[in-house]
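Remarks on the structure that follows.
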Amino acid sequence: MRKAVGIGGLRRKEAERLALSRKGNELSQREIEKLQEQITVMKSNLEDFVREHQKEIRSDPVFRGKVQRMCQLIGVDPLVSRKGYMAELLGVGDFYCELGIQIIDICVATRSMNGGLIDLDDLKKRLIRKRIKGGEPIVEDDIKRAISQLKPLKGGYKIVVFGNRKMVQSVSREMNPDNSTVLALAQYTCKFTVEDVRVGFGWDMDRTRSCVDDMLRSGIIWIDDYDAVQPEYWVPAFFSQMSGSSLGV
């Protein structure tokens, strides 16, 4: 029969467990301190790198994106760190502020035509035309970053996706799931009919009409009632893919 462990044995085991736990905590703390030291060194090296390549960062959007991703990997947000210190170092603070203002200008100017919904590619083309000749080139990632900086304005600026379409929304309204579903249906043809929706999704007439009327009121879609029996509904935000951005600003 195995001998029971006495009180003294239990105390020794508990003391050993506590000692191991303390040692583990000490090792963990040392590892954390070493990691923090490494990150500090990396941040310092990154700042030196940015100073050396400032001109390339501003002139080359691909290189700029890579540097910004390096910043994110070590936990530095160029637009908010140290009250804009890294933004100033990168030379992107004014860049994104200017780009954000231009995005607002275009969205406001086109809102009466598209209901506050513009194709991301169309917005990019308009921005390129709008920016001063010789200014820094822009890529899609720049637009996304600039839009993220507009959130404090509470103007509803954000990127939404319908099917394969990336759109910029510039009105303070939540797109309900039915709206998104119907817009995805029209992503290639830029139009749809009530029957397309009913047959495509198996909705009843009340649900279909409620969704369509909601988008009509907001200006997201237009109605072409040339055919009074089966009118077509068009999504002006999708027109750019058909006509090469025929809605000029």
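The values are calculated or read from the model by the stated rules, or taken from the named source; none is laboratory data. Predicted, not measured: the structure shown is a model, and the values here were computed from it. Methodologically, a virtual Cβ is constructed for each residue, glycine included, from the backbone with ideal geometry; neighbour enumeration extends over all protein chains shown. These accessible areas exclude ligands, DNA and RNA; they are computed on the full protein's heavy atoms, side chains included. Shrake-Rupley method; radii C 1.70, N 1.55, O 1.52, S 1.80 Å.
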Residues (of a type outside the set (Asp, Glu), modelled with pLDDT under 90 and either within 25 Å of ARG173 (Cβ to Cβ) or touching a Lys or Arg at 6+ places or on another chain (Cβ under 8 Å) (or both)) located in the range 126-138: ILE138
Among (1) open to solvent by less than 20 Å² (accessible area, probe 1.4 Å); (2) in a helix (DSSP H, G or I); (3) at pLDDT below 60, the one test that ILE103 misses: (3)
Of all residues making up the range 111-169, the number that are touching a Pro at 6+ places or on another chain (Cβ under 7 Å) and surrounded by 21 or more Cβ atoms within 10 Å (Cβ to Cβ): 2
Residue in the range 173-186 that is surrounded by fewer than 15 Cβ atoms within 10 Å (Cβ to Cβ) and in contact with a Ser or Thr (Cβ under 8 Å, 6 or more places away or on another chain) present: yes
Single unsatisfied condition, SER240 versus (1) within 26 Å of the chain's Cα centre (by Cα); (2) modelled with pLDDT of 90 or more; (3) surrounded by 15 or more Cβ atoms within 10 Å (Cβ to Cβ): (2)
Scope the range 201-226; condition farther than 26 Å from GLY116 by Cα and open to solvent by less than 70 Å² (accessible area, probe 1.4 Å); matching residues: GLY202, TRP203
